[in-house]
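The structure under discussion appears below in the form of structure tokens.
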Amino acid sequence: MLHDAHFHLCGDDLRNEWNKHHMQGIVNADCPSEYAYLKQTLRHTKGVRISAGIHPWKANQVSWEEMIPIMEEVSFIGEIGLDNVWCDVDMQQQKEVFERSLDYAASVQMPVILHLKGMEQEALSYIRRYKNTYLVHWYSCLDYIQDYRELGCYFTIGPSVGRDEAVNQVALQIPLDHLMLESDGLDALSWCENRSVSAEEYTVFLNRSITQIARIKHCEETHVKDTLNHTFQQFLLARMDP
């Protein structure tokens, strides 16, 4: 079995690959229209769950009032976070949405998927205030890895592993029982590869990440794959202690 702990569908139909490989995963919805699309598209697909939250890129576009009914339906909040690299959304607005989302997730004991870019240190001060289960997706910063590890965070390894030293360091420093795979979707794979990536290649890149993690950790690939899958299953069941 393969898993994809964080991805976007982006209009690409991966259902054949999921069913063919008996995959499981968490797909992200960052607005009401995307959530409606995912619910319709995935209605006959097993093993794929939906996360929902206001992405920092959309902190000035999507309102809390329109997302709260959606977040009440899902099992994971995200991706949410802070980003001063890939967007120019007002940082104060990002922070307000981020903290409100963290507060909500903690109040309903719902695990959180984090997007952090350029604000890794600042985000620590927020998540330290809200006890919860956190998954940091495609962390690509050489600093603060141990700070997040000390908070018990899970990490997904992005498809740039083996070529991005920051991602390599996450793979090296974080134990397998807190690591999972992610593709971030076909658009992200295409961006990473600097070419168009087809649905038929989807699992090739997930398996490539397993190979790279095994190389970095000096482990057998079968051990890495089995342990990462087990970690994903544990995350699916993650809940805060009362």
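The values are calculated or read from the model by the stated rules, or taken from the named source; none is laboratory data. Nothing here was measured: the structure is a model prediction, and the numbers come from that model. Every residue, glycine among them, receives a Cβ derived from its backbone with ideal geometry; neighbour counts consider all protein chains shown.
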Of the residues in segment 134-167, those that are farther than 19 Å from GLN234 by Cα and either hydroxyl-bearing (Ser, Thr, Tyr) or out of contact with any Ser or Thr (no Cβ under 9 Å at 6 or more places or on another chain) (or both) number 12
Could you check how many residues of segment 117-166 are in contact (Cβ under 8 Å) with a residue 60 or more places away in the chain and of a type in the set (Val, Ile, Thr)? 2
When the residues of segment 35-93 are filtered to those that are of a type in the set (S, T, N, Q) and either crowded, with 18+ Cβ neighbours inside 10 Å or touching a strand residue (DSSP E or B) at 6+ places or on another chain (Cβ under 8 Å) (or both), which remaining residue is nearest to ALA238 (Cα to Cα)? SER75
Select from segment 161-187 the residues that are modelled with pLDDT of 95 or more and aliphatic (A, V, I, L, M) and list them in ascending order. VAL161, ALA166, VAL167, VAL170, ALA171, LEU172, ILE174, LEU176, LEU179, MET180, LEU181
Counting only residues that are over 17 Å from GLU182 (Cα atoms) and in contact (Cβ under 8 Å) with a residue 12 or more places away in the chain, which one in segment 224-241 is surrounded by the most Cβ atoms within 10 Å (Cβ to Cβ)? ALA238
Condition first: farther than 18 Å from HIS115 by Cβ and touching a helix residue (DSSP H, G or I) at 6+ places or on another chain (Cβ under 7 Å). Can you find one or more residues in segment 188-198 that meet it? yes
